[in-house]
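Asker: This is the structure, below, for whatever I ask next.
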Amino acid sequence: MKVVVDLNRCQAYAQCLYAAPGHFALHGKEALVYDPSPDEAARGEIERAVHACPVRAITAYSDDTTAGEAA
């Protein structure tokens with residue numbers, strides 16, 4: 001599984017932190033840090049984070065698809 005965050009779109013609302021706290025974190029007040037290759041076991045949390053983002057800055061996809069195809 002791969003995760004991509006559009007950091008130009010991200011507004012640091014931090015909803016992803018609540019949905020998947022082990023995979024997203026804020027460094028300071030605005031810099032988002034995330035795991036770009038979480039284990040497949042984290043899929044549920046990652047999908048919740050994707051849907052929780054109010055500006056749709058997070059995309060997740062399977063390793064066997066391309067970045068343009070959502071998982």
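Asker: Determine if the stretch 6-13 includes at least one residue that is more than 12 Å from Ala60 (Cα to Cα) and of a type in the set (Lys, Arg).
Answerer: Within the stretch 6-13, the subset more than 12 Å from Ala60 (Cα to Cα) is 7-13.
Right, trim to of a type in the set (Lys, Arg) and you get 9.
The answer is yes; a qualifying residue exists.
Asker: From the residues in the stretch 36-55 that are in contact with a helix residue (DSSP H, G or I) (Cβ under 8 Å, 6 or more places away or on another chain) and part of a loop (DSSP other than H, G, I, E, B), which one is surrounded by the fewest Cβ atoms within 10 Å (Cβ to Cβ)?
Answerer: Pro54
Asker: Another question about this same structure. Give the residue that is surrounded by the fewest Cβ atoms within 10 Å (Cβ to Cβ), with candidates limited to residues of the stretch 1-20 that are in a loop (DSSP other than H, G, I, E, B) and in contact with a helix residue (DSSP H, G or I) (Cβ under 7 Å, 6 or more places away or on another chain).
Answerer: Step one: list which residues in the stretch 1-20 are in a loop (DSSP other than H, G, I, E, B), which gives 1, 6-14, 20.
When the remaining residues are screened for being in contact with a helix residue (DSSP H, G or I) (Cβ under 7 Å, 6 or more places away or on another chain), the result is 1, 20.
Values: Met1: 19, Ala20: 24.
Looking at residues that are in a loop (DSSP other than H, G, I, E, B) and in contact with a helix residue (DSSP H, G or I) (Cβ under 7 Å, 6 or more places away or on another chain), I get Met1.
Asker: Right, here's the next one. Can you report the number of residues in the stretch 21-30 which are touching a strand residue (DSSP E or B) at 6+ places or on another chain (Cβ under 9 Å) and surrounded by 11 or more Cβ atoms within 10 Å (Cβ to Cβ)?
Answerer: Quick first cut of the stretch 21-30, residues touching a strand residue (DSSP E or B) at 6+ places or on another chain (Cβ under 9 Å) only: 23-27.
Checking which are surrounded by 11 or more Cβ atoms within 10 Å (Cβ to Cβ) leaves us with 23-26.
Of the residues in the stretch 21-30, 4 are touching a strand residue (DSSP E or B) at 6+ places or on another chain (Cβ under 9 Å) and surrounded by 11 or more Cβ atoms within 10 Å (Cβ to Cβ).
No lab work stands behind these numbers, since they all come straight from the coordinates. These numbers were taken from a predicted model, which means no experiment stands behind them. All Cβ positions, even for glycine, are placed from backbone atoms using ideal geometry, and neighbour counts span all protein chains on display.
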